[in-house]
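Nothing in this text is a laboratory measurement; each read-out follows from the coordinates by a stated rule. All of these numbers come straight from a predicted model, not from anything done at the bench. Note: ideal-geometry Cβ built from the backbone for every residue, glycine included; neighbour counts use all protein chains shown.
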Amino acid sequence: MADIVVFYIFAGISLAAAAGVVFHPNPVVSVLHLVAAMVGVSGLFFTLGAPFIGMVQILVYAGAVIILFLFVVMIFDLKTDGKNPFTYGLVTHYAKLLFIGCLTGLLLSKLLFKLDGFEFQSPDPLAPQYEVRNLAKVMFTDYMFMFEVLGLLLLVIPIGAVALSRVRGGTHAE
Amino acid sequence: MQSSLSIEITHYLFVSGAMFVLGLAGVLLRKNIIVILMSVELMLNAVNLAFVTFGYYLQDVNGAIITLFVIAIAAAEAAVGLALVVMIYKNYKETNIRFFEHLKG
Amino acid sequence: MEALVPILVLTLVVATFGSLLVYVSSILGPKKHYTRTKYMPYECGLPGTESETTNVSVRYYLTAILFIVFDIEILFMYPWALTYRDFIEAGHGAYIFWVMFVFIALFLFGLIWEIRSKALEWD
Amino acid sequence: MGASGFEIVVNTIKMLAIFLLMVQLVPILVWVERRGSAYIQNRFGPNRVGPLGLTQLLADAVKFLFKEEFRPPSSVAFMYYAAPVLALIPGALAFAAIPLSAPFTLDYDGQTYNFLFQSYQLGAGIVFVLAVSSLGAYALLFAGWGSGNKYSLMGALRASAQMISYELALGLSLVGILMIYGTFSFSEMVSAQQGPLNFVLFGTPVVIDFLPNWGIFYQPLGFILFFAATFAETNRAPFDLPEAEAELVAGYHTEYGGLKMLMFYIGEYGHMMVASALLTTFYFGGWDLPFGSEFLKEALPSSFIYSLVMHLVFMGKVLFFLWVFVWVRWTVPRFRYDQLMDLGWKTMLPVALANTVATAVIVVLFNSVGR
């Protein structure tokens with residue numbers, strides 16, 4: 001019983017917050033909803049027996065990425081996006097809405113009916129397949145190359161960010 | 001706890017799918033570039049959720065590992081994207097996505 | 001999973017406790033009337049001169065961006081640190097050491113580049 | 001929370017007790033801080049209300065309770081009120097994940113139940129504590145932006161930039177100790193630190209009888225880095241720039257008064273308690289008494305009383321570190337902001353990296369240090 005309640009709490013939080021991100025005209029409020037959405041998804045990871053992923057989710061998203069979003073939004077002081085926070089074009093607007101509607105229908109129809117072709121077990125909630133130790137062992141053997149490439153990417157990213165912030169030679173010339 | 005109320009894979013996939021669609025709607029409809037970046041994060045989260053769900057129900061550890069990599073890359077993407085936004089805002093005082101169509105050379 | 005319920009309950013308890021404190025102090029406190037200076041943003045007692053938001057240095061974003069990147073790198077070291085002994089005991093000590101050595105070398109190279117590019121200079 | 005009703009009741013009581021322990025330590029700490037600073041500066045400090053001024057804080061709390069409710073009109077109501085509440089949550093959640101004493105058993109209705117001396121146990125408790133503490137920056141940013149005051153905003157930006165900078169050094173200094181013990185779980189870490197200092201050196205086991213098997217002997221550099229980083233994380237002197245009175249009016253809580261201000265202080269002291277508890281658990285054996293804990297276990301009538309005694313040992317260690325926090329605050333001058341950032345990024349981060357590599361080399365060469 002408890003797991004059902006917990007699932008609905010976190011699913012509700014993440015979906016409501018995701019809707020808040022998309023539909024609230026004030027970007028600051030959007031960022032706050034994004035935090036809630038991340039925490040909700042992290043809770044869902046916990047219920048899926050992957051607490052480490054959930055903690056990484058909080059540590060990276062809520063603790064780092066959204067702090068950066070908040071910095072940007074707060075310093076720009078983007079109080080609101082005006083009356084209409086959405087882009088609008090005569091044709092494109094409806095085309096987009098249609099596209100989103102189609103995708104929604106597709107996903108719902110696919111999900112509400114049966115998922116065939118896979119053999120889903122209903123796993124033992126205490127099964128340790130997501131234990132960090134197993135995860136790390138696979139990550140540092142099978143995914144070793146990917147891991148090093150990630151290191152390279154994380155080397156390039158800050159160099160790019162710093163280079164972008166340079167204004168005509170000097171790093172912080174204003 | 002095998003009642004009719006148990007949580008199954010479709011529940012998680014529904015959350016994931018709904019979140020993905022919401023993120024997509026944000027990317028397509030919103031004007032503010034920062035909100036668009038946030039919506040991209042939402043979509044990536046939805047994908048992560050699907051990965052972990054499938055990994056859990058297929059008893060496979062790869063889903064979690066891919067999720068770790070996606071989280072890392074999504075964070076890096078957000079960092080670079082926001083660096084670009086900050087520089088454009090510093091120069092043009094503008095965050096409307098429509099404005100970016102006119103940026104040339 | 002089984003730890004999630006106590007975490008939720010504790011969060012709820014603390015949030016209720018905090019909200020209660022805020023609420024109780026707002027009831028018990030005296031209600032005084034409005035004065036113009038009291039309601040101005042506080043600035044050493046002098047009337048405010050500039051607008052609320054000031055031009056904030058770009059360094060704050062840069063710090064946050066660099067933080068994200070290094071944070072991820074440190075996070076990926078945790079599973080490595082956790083299984084390091086297991087790999088050594090299984091006889092793959094040199095392998096796991098060099099895997100991480102490359103990663104740490106990239107980390108260090110990035111850090112040195114940031115320091116040399118003066119992106120971390122505050123004055 | 002537990003399967004049977006008895007377990008649920010005990011676990012709930014335990015959780016509330018740990019939270020209350022944290023909250024009620026705050027007035028004591030404030031008293032220690034004021035009396036201690038007075039002692040260091042050769043003053044008297046508060047000594048009028050009650051014996052040794054002990055009830056001063058009670059009087060202050062009552063005064064805070066009856067302060068006028070005030071919200072600046074330029075503020076954002078939700079964020080302004082949410083910030084002090086948010087300041088409480090990370091510390092409470094993190095403190096609840098740390099084992100405060102030995103596990104104990106209780107008999108009820110003919111059955112024996114096992115309990116842990118912590119609100120919840122997670123397999124990856126250390127990552128949980130780091131994750132929760134990283135949420136602390138939200139309280140600052142909410143307060144700073146929600147107040148609608150540029151000094152608050154500047155204070156909040158400074159504070160959060162400082163927090164995230166030192167979070168790196170903090171996280172990296174932990175990699176060494178994780179490598180030594182090979183676990184994310186606090187309880188396993190504590191049990192690995194019991195007994196006398198023993199390790200394997202070039203294939204020969206070495207036992208040093210007169211030293212406890214504590215983490216500080218394996219990770220002295222890591223301890224220093226972690227210790228220094230916690231000062232910055234908790235916004236304490238010499239890293240208390242977010243509250244630099246002379247430069248920033250009062251930092252992110254400029255527009256707060258009364259109980260709301262007090263809640264920020266509870267949050268700050270909560271962070272200090274978490275930091276001290278972490279230092280104790282990682283480097284000083286947690287609740288373990290280096291010598292004589294076996295004897296105590298035999299001598300004491302029940303495991304619950306043994307747990308309580310061990311809890312006193314743990315709190316003794318924690319209070320020692322809390323006193324060090326106070327001691328340093330009133331002894332060391334404040335850093336300048338650029339010095340602070342330089343120390344975090346250019347000194348502590350490379351040194352922590354060197355510590356990690358050195359530990360990795362030592363572990364792979366000596367094959368078995370600790371454990």
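Spin-label pair D:Ile40-C:Trp98: with each label point 7 Å from Cα along the Cα-Cβ axis, the two points sit 5.1 nm from one another. Most tightly packed first, judged by the mean number of other beta-carbon atoms within 10 Å of their residues, the peptides B:46-59, D:269-282 read D:269-282, B:46-59. Note on A:35-41: average number of Cβ atoms from other chains within 10 Å of each residue's Cβ is 4.
Relative to the dominant Cα principal axis of chain D, helix D:125-134 is inclined by about 10°. Look at the dipole of the protein assembly as shown built from charges on Cβ: of B:Ala25, D:Ala275, B:Phe100, the Cα furthest out on the positive end belongs to B:Phe100.
Mind checking B:90-97 for the average number of partner chain beta-carbons within 10 Å of each residue's beta-carbon? Provide the component values of the computation, followed by the final result.
On the way: counts 7, 1, 0, 1, 0, 6, 3, 1.
The per-residue average across the peptide is 2.
Whole angstrom only: what separates the Cα centroid of region B:15-73 from the Cα centroid of region D:65-102? A separation of 31 Å, based on Cα centres. In the protein assembly as shown, if the dipole is taken from +1 on Lys/Arg beta carbons and -1 on Asp/Glu beta carbons about the Cα centre, which of D:Leu308, C:His33, B:Ile65 is farthest to the positive end? About the Cα centre, the residue reaching furthest to the positive side is C:His33. Spin-label model, B:Ser6 to C:Thr16: label points 7 Å out along the Cα-to-beta-carbon direction sit 3.2 nm apart. For the listed residue pairs D:Lys14/D:Lys260; D:Lys260/D:Lys317; B:Lys93/D:Lys150; C:Lys32/D:Lys260; A:Lys96/B:Lys31; C:Lys32/D:Lys150, the alpha carbons are over 23 angstrom apart in D:Lys14/D:Lys260; D:Lys260/D:Lys317; C:Lys32/D:Lys150.
Extent along the principal axes, Cα only, for region A:1-80: 44, 23, 13 Å, with the longest axis given first. Considering all different alpha carbon pairs of region D:103-151, the Kirkwood hydrodynamic radius works out to 14.6 Å.
Taken residue by residue and averaged, Cβ atoms of other chains lying within 10 Å of the Cβ of B:8-17 number 6. Each of D:Leu29, D:Ala59, C:Leu108 was scored by the projection of its Cα onto the charge dipole of the protein assembly as shown, and the greatest displacement toward the positive side belongs to D:Ala59; charges sit on the C-beta of Lys, Arg, Asp and Glu.
Taking 1.002 mPa s as the viscosity and 20 °C as the temperature, the Stokes-Einstein diffusion coefficient of the protein assembly as shown based on its alpha-carbon Kirkwood radius rounds to 78 µm²/s.
Translational diffusion of chain B, estimated by Stokes-Einstein from the Kirkwood radius over alpha carbon pairs at 20 °C in a medium of 1.002 mPa s, is 136 µm² per second. In degrees, nearest 10, range 0 to 90: what is the angle between the Cα axis of helix B:9-29 and the longest Cα principal axis of chain B? Taking Cα atoms only, the helix is inclined about 10 degrees.
Which value results for Rg/Rh of region D:1-133 when Rg is the Cα radius of gyration and Rh the Kirkwood radius based on the inverse mean 1/r?
On the way: Rg = 20.2 Å, Rh = 18.5 Å.
Ratio of gyration radius to Kirkwood radius for region D:1-133: 1.09.
For A:Ile67, what charge total do you get from the other residues with a beta carbon under 14 Å from its beta carbon, if Lys and Arg give +1 and Asp and Glu give -1?
On the way: positive: D:Arg158; negative: B:Glu41, C:Asp71, D:Glu167.
Once all neighbours under 14 Å are counted, the net charge is -2.
Sorting D:343-354, D:199-210 by their mean Cβ neighbour count within 10 Å, with the most densely packed peptide first, gives D:343-354, D:199-210. Per-peptide packing, taken as the mean over residues of other Cβ atoms within 10 Å, places C:79-89, A:6-16 in the sequence C:79-89, A:6-16 from highest down. For the Cα atoms of chain D, what angle does the longest principal axis make with the long axis of helix D:349-366, in degrees from 0 to 90, nearest 10? Approximately 10 degrees, to the nearest 10.
On the principal axes of its alpha-carbon atoms, region D:127-176 has extents of 42, 17, 5 Å, going from largest to smallest.
If the chain between D:Leu308 and D:Ser191 were fully stretched, how many nm would it gain, using 0.36 nm times the residue separation less the Cα-Cα distance? Write out the running numbers ahead of the final one.
On the way: separation 117, 0.36 × 117 = 42.12 nm, distance 1.73 nm.
Result for the pair: 40.4 nm of gain on full extension.
Take the Cβ-Cβ distance between A:Ala163 and C:Ala105 as r, set R0 to 25 Å, and report the resulting FRET efficiency rounded to the nearest 0.05. Once the sixth-power term is evaluated, E becomes 0.75. When shorter helices are ignored and each DSSP H run of at least 4 residues is given -39500 (n - 2.57), the per-residue value for the protein assembly as shown at 222 nm works out to -22000 deg cm²/dmol.
Shown is the FRET efficiency for A:Ala16 and B:Ile73, computed with R0 = 30 Å from the Cβ-Cβ distance and rounded to the nearest 0.05: 0.65.
Assuming R0 = 30 Å, can you tell me the calculated FRET efficiency for the pair D:Ala17 and D:Val328, based on Cβ-Cβ distance, to the nearest 0.05? Efficiency computed from Cβ-Cβ geometry: 0.50.
For region D:2-51, state what percent of all Cα-Cα pairs lands in each successive 5 Å bin, counting from 0 Å until the bin that includes the largest distance. Bins of 5 Å from zero give 5, 18, 15, 13, 11, 9, 8, 8, 6, 5, 3, 0 percent of pairs. Shown here for region D:39-146: chymotrypsin sites (Phe, Trp or Tyr not before Pro) in loop regions (DSSP other than H, G, I, E, B) with at most 16 other Cβ atoms within 10 Å, namely D:Phe44, D:Phe66, D:Phe70.
Can you give the Rg to Rh ratio of chain D, both from alpha-carbon atoms, with Rh computed by the Kirkwood formula?
Details: Rg = 21.9 Å, Rh = 22.1 Å.
Rg/Rh: 0.99.
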